[in-house]
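Here's the structure, in C-alpha cells; my notes come after.
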Amino acid sequence: MERVVQFTGPRQVEVAEHDSASLPPGHLRVRTRYSGVSAGTELTAYRGTNPYLTRTWDPEARIFREGAAGIEYPVAGWGYSEVGEVTEISPELAGTPGLPAVGDLVWGIWGHRSEGIVPVERMIGHSLPAGLAPLAATFARVGAIAYNAVLASDIHVGEDVAVFGQGVIGLLTTRLAELNGGRVTAVDALDGRLGTARAYGATATLNALAGGVAEAIRGATQGRGADVAIEISGVYPALHEALRSVTVGGRVVASGFYQGDGVGLRLGDEFHHNRVQLICSQIGGVPPQLAGRWTVERLQRTFLTLVAEGRVDVTSLVSHVIPAADASEAYVLLDERPSDALQVVLEF
C-alpha cells in the first residue's frame with residue numbers, strides 16, 4: 001500500500017492509502033524516508049489561497065486564465081523535497097549512465113507519499129553526495145530557491161545586502177549572500193530567527209516590528225542604502241520596505257510567493273523616485289543572463305555539494321521531524337505557530 005498526504009479542503013489534511021501502482025517503463029520506484037514541508041508555496045494550497053485553486057495557468061500564453069481552477073481538492077502528494085531509497089528499476093534502464101542502483105539513497109521531487117514512481121531523467125545523478133546525511137538532502141529544493149535569489153541579486157564582494165525574511169529559505173539566503181561576499185543585514189519580525197541569522201553570517205539584524213528598517217539600513221551605509229535587497233518572506237509590506245532600503249538604481253530581488261492584491265506596496269514612492277530595479281526570482285528558471293551556464297538542476301546539485309562540504313549547515317534548521325501519519329500536525333504548526341518552527345520534515 002502507498003500512503004499519500006493530501007489536502008481535502010482549506011486547512012483539511014488526511015493521509016490516504018492506495019494500492020501500489022506497477023512500475024512503467026523508464027521509471028524508478030523510490031521508498032520515501034523524509035519529505036520536507038514548504039512553509040511558503042505549500043501553505044498556500046493548505047490555506048486555499050494558491051492561484052491554481054481559482055484560475056488556470058496557460059503555459060503557452062504564460063498567463064492565468066479566469067473562469068476555471070487549475071487544480072481542485074483533494075490536492076494529493078504536494079511537496080518537493082524528498083529523500084528515499086531506490087527499491088525497483090525498470091529493467092530496460094540497465095546500464096544507463098548516472099543511474100542510481102537499487103538500495104541507493106536518492107533525492108528528488110515526488111511529493112509527500114510513502115513511495116514515488118519517478119521518471120529516470122529526473123533521477124540521473126541524484127544519489128546522495130558522499131558525506132551528506134539523508135535529512136540534509138531534503139534541502140535540495142529550498143536551497144536552490146535561496147541560491148537562485150542570490151544569483152539574481154548579482155552581489156559583489158563588499159556590497160551591502162539586506163535580506164527580508166529569516167525563515168528557512170531566508171536564513172539560507174543570508175548564508176549564501178555572505179559566502180558570496182556581501183555584508184548582510186537580516187530583517188525579520190521574530191527575534192529568535194534574527195539570532196539564527198547572526199549565526200548564519202549576518203553582520204547586522206533588524207526587527208521589522210520595531211519600524212525604521214529602511215532608515216536604519218541607510219544610516220549604516222552613510223545614507224546610501226543597500227546595494228541590493230532580497231525579499232523572501234512573500235509579504236507585501238516587506239517588499240515595500242525592501243524597495244525603500246536600497247540605493248539609487250539599487251536592485252530588489254522578489255523571491256517570495258505573494259498572495260492576493262499588493263496591500264502595503266506603493267510603487268509611486270521610493271521605487272519610482274530612486275529608479276529601483278525590481279527583479280523576480282522563481283525556481284522555474286535561472287536568471288536569464290546565466291542561462292547559458294546555470295540550470296535549476298545545477299543549482300540543486302551545487303547547493304547539496306556545499307552542504308556536504310560543510311560550507312552550509314542545514315540540519316540545525318530542522319525543528320521538527322513528524323511521522324507522516326501525523327501530517328496534519330505539521331501544517332497546523334506552520335500555519336498557526338510559525339514562531340515555534342523552522343524546517344518541518346515528514347518521516348515515512
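Miscellaneous remarks
- Residue in region 200-210 that is surrounded by the fewest Cβ atoms within 10 Å (Cβ to Cβ), counting only those that are of a type in the set (Gly, Ala, Ser) and within 20 Å of the chain's Cα centre (by Cα): Gly201
- Residues within region 320-348 that are assigned to a strand (DSSP E or B) and over 15 Å from the mean Cα position of the chain (by Cα), tallied: 6
- Answer from Thr247, Thr173, Thr185 - the residue that is in a strand (DSSP E or B), crowded, with 24+ Cβ neighbours inside 10 Å, of a type in the set (Ser, Thr, Tyr) and in contact (Cβ under 8 Å) with a residue 24 or more places away in the chain: Thr185
- Condition broken by Glu270, with the remaining ones in (1) out of contact with any strand residue (DSSP E or B) (no Cβ under 6 Å at 6 or more places or on another chain); (2) within 20 Å of Thr174 (Cα to Cα); (3) open to solvent by 10 Å² or more (accessible area, probe 1.4 Å) satisfied: (2)
- Any hit, region 246-256, residues being in contact with a Cys (Cβ under 9 Å, 6 or more places away or on another chain) and aliphatic (A, V, I, L, M): yes
- Residue tally, condition buried (at least 18 other Cβ atoms within 10 Å of the Cβ) and within 15 Å of the chain's Cα centre (by Cα), over region 291-316: 5
- Residue match in region 309-319 (condition: of a type outside the set (Lys, Arg), outside any loop (DSSP other than H, G, I, E, B) and touching a Lys or Arg at 6+ places or on another chain (Cβ under 9 Å)): no
- Restricting region 279-290 to residues that are outside any loop (DSSP other than H, G, I, E, B) and touching a strand residue (DSSP E or B) at 6+ places or on another chain (Cβ under 8 Å) leaves a set whose member that is surrounded by the most Cβ atoms within 10 Å (Cβ to Cβ) is Ile279.
- Count - residues of region 148-167 that are open to solvent by 20 Å² or more (accessible area, probe 1.4 Å) and among the hydrophobic types (A, V, I, L, M, F, W, C): 2
- Residue in region 120-138 that is least open to solvent (accessible area, probe 1.4 Å), counting only those that are in contact with a Phe, Trp or Tyr (Cβ under 7 Å, 6 or more places away or on another chain) and of a type in the set (A, V, I, L, M, F, W, C): Ala137
- Only one of the numbered conditions (1) more than 13 Å from Val253 (Cβ to Cβ); (2) in contact with a Lys or Arg (Cβ under 7 Å, 6 or more places away or on another chain); (3) not basic (Lys, Arg) is violated by Val161, and that is (1).
- Scanning region 222-238 for residues that are assigned to a loop (DSSP other than H, G, I, E, B), over 15 Å from Gly249 (Cα atoms) and open to solvent by 40 Å² or more (accessible area, probe 1.4 Å) yields Gln222, Ser233, Val235.
- Listed conditions (1) open to solvent by 20 Å² or more (accessible area, probe 1.4 Å); (2) more than 21 Å from Ser255 (Cα to Cα); (3) in contact (Cβ under 8 Å) with a residue 40 or more places away in the chain are all met by Thr49, apart from (2).
- Within region 117-128, residues that are more than 9 Å from Gly98 (Cα to Cα) reach partners that are assigned to a helix (DSSP H, G or I) and open to solvent by 30 Å² or more (accessible area, probe 1.4 Å) with beta carbons closer than 9 Å, at six or more positions or on different chains, in the pairs Leu128/Ala308.
- Residues of region 5-46 that turn out to be open to solvent by 30 Å² or more (accessible area, probe 1.4 Å), closer than 25 Å to Gly143 by Cβ and at pLDDT below 95, as a count: 3
- Test for Leu299: is it under 15 Å from Leu172 (Cβ atoms) and at pLDDT 95 or above: yes
The values are calculated or read from the model by the stated rules, or taken from the named source; none is laboratory data. Treat the numbers as computed from the prediction; the structure is a model and nothing was measured. Glycine also receives a Cβ, built like all others from the backbone with ideal geometry; neighbour counts cover every protein chain displayed. Quick note on the areas: whole protein, heavy atoms, side chains included, nothing else; ligands and nucleic acids left out. Shrake-Rupley method; radii C 1.70, N 1.55, O 1.52, S 1.80 Å.
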